[in-house]
1. Would you kindly calculate the mean projected area, averaged across all directions, of the convex hull enclosing the Cα atoms of segment 1-151, in square nanometres?
2. On average, how much accessible surface per residue is there in the chain, in Å², for a 1.4 Å probe, leaving out ligands, DNA and RNA?
3. Calculated FRET efficiency, D13 and L40, Cβ-Cβ r, R0 22 Å, to nearest 0.05?
4. With all pairs of different alpha carbon atoms counted, what Kirkwood hydrodynamic radius in Å does segment 116-222 show?
5. If you stretched the chain out fully between T186 and R436, how much longer would it get, using 0.36 nm times the residue separation minus the C-alpha to C-alpha distance?
6. Stretch S90-D247 to full length: gain in nm at 0.36 nm per residue minus the Cα-Cα span?
7. Counting only DSSP beta bridges with both residues in the chain, what percent are antiparallel, rounded to the nearest 5?
8. Leaving ligands and nucleic acids out of the surface, order H190, H286 by accessible area at 1.4 Å, largest first.
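The values are calculated or read from the model by the stated rules, or taken from the named source; none is laboratory data. Everything quoted here is computed from the prediction, not taken from an experiment. Cβ coordinates were reconstructed from backbone atoms using ideal geometry, including for glycine residues, and neighbour counts include every protein chain displayed. Calculation scope for accessible area: heavy atoms of the full protein, side chains included, ligands and nucleic acids excluded. Shrake-Rupley method; radii C 1.70, N 1.55, O 1.52, S 1.80 Å.
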Amino acid sequence: MTTARSLERFLPDEAATTQLGEDLAMAVRPGDVFLLDGDLGAGKSTLARGLIRALVGDPVHEVPSPTFTLVQSYDTPVPVHHFDLYRLSSSEELEELGFDEAVNSGVALVEWPERATDAMPATSLRIAFQHEGDGRRITITGDGPALDRIGRSLAMRDFLVASAWGDAHRTRFIGDASARSYETVTLEGHAPLVLMNSPRLVLGPPVHDGKPYAEIAHTAQTVAAFAAIDRALAAGGVTVPGIVAQDLDQGFLLLEHLGSGAFLDPAGKPFAERYAAAAELLAMIHGKHWGDRLEAASGVIHQVPPFDRDALMIEVDLLPAWYVPAVTGAPASDALRDGYHAAWNAVFDRLADKQYGLVLRDYHSPNIIWRGDRQGHDRLGIVDFQDALIGPVAYDVASLAMDARVTLSPDIERSTVDAYVAARYAAGSFDEAAFREAYAIMAAQRNSKILGIFVRLDRRDGKPQYLRHLPRIRDYLHRALSHPALAELRDFYRDNRLLEEF
């Protein structure tokens, strides 16, 4: 039997109550149920309005009381259903109001929950309001992931307070496929900032030699990796978000907002010249020497891991682990895995004499901000590089020229790679043949990994939207495998039907 936990906040006025609603809005997920418990005038409706308006993105959005309708629903990014059960005569009426469907599809805010106590889910969080002087004290009681999320959101507000941004408004910002999340924070008289929420990585079960996947793949485990690489890149002349404030222990960063300029036109077509500019920036980065011990804060050193054989192999292993079962309906056989490893080991042997350096690892359009009003390399703002490694630099070129979320034609791929090659030649001596072989190897490695990741996001994490990218990734993989150095690997993929659709 679990023991309920509690979070407390003193709210001196209505503005603070509205702000708490905003803080809750940043943490809610479908299935959350909040039981609002307090006397008339205690602030329940004010809190509900603050939460709903934050999700709508409009601080003056009309939020009528559900006193007479009993429920008001809002088509927000996370749907919200606001219930007032004061006039409810029995719990059975909840079914007529569509309570179960509302909870399954979104968030339920329930005023006067005591009218239907037996019908409230066991996972509900109770928010109790009590008058205290001229303000009110609220106590949030419950257990499980929902309370953990709320607690972290309140800690983020405390971080903003400590950073002199306590009165800032928070709005949801598009995140990625990881556990990290981002918000835009705005404060009158200041340029907007980005609030990064990067909790310590939770390592999964052992997958090989007693180690979890993230440890073998050298995935960043704390936000210190981002802070260290950010500072190093900035010192090296790369435009990255300036760090306004940081709490490395909790995993919070307050960052400069670099803008929102995209690599696609309004019709969704890529700007070839922007990809070329991004390739030229990569050439500059790859032409520099970067240490593998980088400072995140005074006395806090991040050791940049190597993109070693184990990391390369555990990533391509995602294809037989997830993609093959999706295609065949059965786990990959031991014989297929053994042959797959042998084929890839032979390919990885060819990387031994190729150029190594800082690999940003996720250098593609979602993580590159186009700043058309700037000049030179400053036109490109780079984000999401905390998983950087020291390894074959051709990986980043493959990540850009075979953009996982954007269909780049062979012509744009070619012009992007050619821009990189030209910039490397302009900076000094450059072994183009060795680079192009490494490019093909790393493109095949990355796209094999992504096929597995996108299926895993669907099958394990309930994110089917990633499946729409699979045809593009298969096409990229075909292109990479066409290099003569990959002939044997190409034959293995063909003979074992590793690129079939499902």
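1. Over every viewing direction, the Cα hull of segment 1-151 projects on average to 8.5 nm².
2. Normalised by residue count, the accessible surface of the chain is 45 Å².
3. Taking R0 as 22 Å, the efficiency between D13 and L40 is 0.75.
4. For segment 116-222, inverting the mean 1/r across all distinct Cα pairs yields 17.4 Å.
5. Fully extending the segment from T186 to R436 adds 85.5 nm.
6. 51.6 nm
7. Roughly 80 percent of the DSSP beta bridges within the chain come out antiparallel.
8. Ranking H190, H286 by accessible area, largest first, yields H190, H286.
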